[in-house]
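The values are calculated or read from the model by the stated rules, or taken from the named source; none is laboratory data. Not measured: the values here are computed from a predicted model. In this analysis, Cβ positions are derived from the backbone assuming ideal geometry, glycine residues included, and neighbour counts consider all displayed protein chains.
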Amino acid sequence: MANPKAKDLIISLLEDKSQTKVKVINQLDSAFKVLLSSCKLLCKDLKDKLKGKESALLLDCYDRNSNSFELRFGDESLVFQKIPIVLQIDKSHSMWTTSYLTDNYQNSYCGIINVYNFLSDSFRNNRLEERGYLIARIFVNHENHFFVEGKRQLGFLYNDFSSAELKADDLYKICESAMLYCMDFDPQVPDYDAASAISVGELKDQIDYFISPSQKKLGFKFYTDD
């Protein structure tokens with residue numbers, strides 16, 4: 001026999017979750033637009049300070065598509081990628097120890113912006129095999145509260161999820177912190193044994209582009225530096 005209370009519960013959950021997820025997507029879309037504007041502003045501010053210097057020509061920020069854009073500086077590139085779906089924070093995450101989530105599970109639904117670091121030369125020469133590295137993830141929920149997981153300062157400056165509302169100034173500072181991390185994270189020489197064998201195709205690529213293996217790091221770990 002059908003249970004009318006079960007139907008009511010299903011309808012209630014569907015309505016609550018769908019409304020929350022729509023709000024999350026709206027907040028995520030807005031945050032991503034402001035993030036792009038913040039990166040462009042940072043790029044302009046840096047160019048103004050570098051006016052007349054050759055290094056000013058190495059700064060650029062432009063759209064890749066509707067869900068990603070690239071901030072290029074020197075031989076580094078930051079790619080900001082919006083994940084256009086709503087995800088729930090994993091129950092094992094430390095944020096679940098806060099009343100902000102335990103008192104209202106809807107606060108745990110987030111949109112995410114991934115921040116990757118690449119060598120800009122990989123894009124210029126279309127070297128599709130070279131890796132980028134995740135250096136930060138920006139989480140935004142339906143109340144426009146946010147926190148950041150990431151490397152060094154990116155991992156501990158922005159973790160007051162219960163009360164921190166995302167603003168343009170926060171996104172500007174996140175861009176600055178990401179740039180500083182990248183410039184302190186230099187390409188490393190691959191292990192000798194790992195680089196001792198080479199295929200004909202790899203050799204041809206090196207000859208064609210005058211390159212050597214240049215990914216920034218092998219065996220990258222998100223939470224800890226080697």
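Observations on the model:
Okay, residues lined up against (1) modelled with pLDDT of 95 or more; (2) touching an Asp or Glu at 6+ places or on another chain (Cβ under 6 Å); (3) surrounded by fewer than 20 Cβ atoms within 10 Å (Cβ to Cβ):
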| site | (1), (2), (3) |
| --- | --- |
| His142 | yes, no, no |
| Cys182 | no, yes, no |
| Pro187 | no, no, yes |
| Ala197 | no, no, yes |
| Leu203 | no, no, yes |
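- Selection within the range 80-111 - surrounded by 13 or more Cβ atoms within 10 Å (Cβ to Cβ) and assigned to a strand (DSSP E or B): Phe80, Gln81, Lys82, Ile83, Pro84, Val86, Leu87, Gln88, Tyr109, Cys110, Gly111
- Tally of residues being crowded, with 16+ Cβ neighbours inside 10 Å and more than 19 Å from Ala136 (Cα to Cα) across the range 59-74: 1
- Restricting attention to the range 45-59 and to residues that are assigned to a helix (DSSP H, G or I) and over 18 Å from Ser77 (Cβ atoms), the residue that is modelled with the lowest pLDDT turns out to be Glu54.
- When the residues of the range 144-180 are filtered to those that are of a type in the set (Gly, Ala, Ser) and touching a helix residue (DSSP H, G or I) at 6+ places or on another chain (Cβ under 6 Å), the one that is modelled with the lowest pLDDT is Ser177.
- Exactly one residue out of Ser12, Ser30, Ser38 is in a helix (DSSP H, G or I), touching a Phe, Trp or Tyr at 6+ places or on another chain (Cβ under 8 Å) and either touching a residue at least 24 places away in the same chain (Cβ under 8 Å) or surrounded by fewer than 16 Cβ atoms within 10 Å (Cβ to Cβ) (or both): that is Ser38.
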